[in-house]
Amino acid sequence: MKIPTNLKHKPVIVTENYENIDGRRAYETDAKGLSLGLAQWNDRGRVDISAKVWRYTGEKWSRQSEELPLHRVLDLAILVCRSQQYFRDAYRYPKLYDERDPSMDQVGLQGDAMRISVCTDNGCIDEDIRLFQDALAKDDEMLGERFAVLARILKEMGY
């Protein structure tokens, strides 16, 4: 299915077969494509690049399609990587986190830090963190494949 080019987001680089590789939803997803392109929020004289997940309802392109600035895509990748790393050792805590210090990491960015922690404001955190860990474990092979590809590409890029 071809990603539309007549909307505000202007695709430049596309993956139009994303429904075949969309994780556990492969072949049964409404996420039909990914694109990198010119952001829909661009003003005259300003050009930002964004990433977009294109959703198709079967009848039309969905308003639930998401567009993110590239730095947020990478920030989410950092968050996923750090979460996966954290849960490798979370078994050490009876509740899978240190109740006195739910902080997981601080990742230095732009002269400050992305502070990553367990969301203890969640009233169901004790149940939800176990469900989260179980889901990560169930998807370990699928995520591991993507981590390995990212590691290889980053190494090829000199990082």
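Compute, for C119, the solvent-accessible surface of its heavy atoms (probe 1.4 Å) with the complete set of protein chains present, and express it in square angstrom to the nearest 10.
Rounded to the nearest 10, the figure is 80 Å².
Count the net charge of all other residues whose Cβ sits under 14 Å from the Cβ of R146, scoring Lys and Arg as +1 and Asp and Glu as -1.
After counting each charged neighbour, the total is -3.
Full extension from A151 to C81: what is 0.36 nm times the residue separation minus their Cα-Cα distance, to one decimal in nm?
Result for the pair: 24.1 nm of gain on full extension.
Taking the solvent-accessible surface of protein heavy atoms with a 1.4 Å probe, what is the per residue accessible area of the chain in Å²?
With all protein chains present, the chain gives 73 Å² per residue.
Run the reach check for K8 against aspartates and glutamates, Cα to Cα strictly under 17 Å, same-chain hits fewer than 8 apart removed. What comes back?
D43, D48, E66, E67
Starting from the amide H of M104, placed 1.01 Å from N in the peptide plane, find each other amide H under 5 Å away whose residue is 5 or more places distant or on another chain.
Counting only residues 5 or more places away or on other chains, the set is I116, S117, V118.
Around D134, under 12 Å between beta carbons, what's the net of Lys plus Arg minus Asp minus Glu among the other residues?
Summing Lys and Arg as +1 and Asp and Glu as -1 gives -2.
The values are calculated or read from the model by the stated rules, or taken from the named source; none is laboratory data. As the structure is a computational prediction, the values presented were derived from the model and not from experiment. Cβ: placed from backbone, ideal geometry, glycine included. Neighbour counts: every protein chain shown. Heads up: the accessible areas ignore ligands, DNA and RNA and are worked out on the full protein's heavy atoms, side chains in. Shrake-Rupley method; radii C 1.70, N 1.55, O 1.52, S 1.80 Å.
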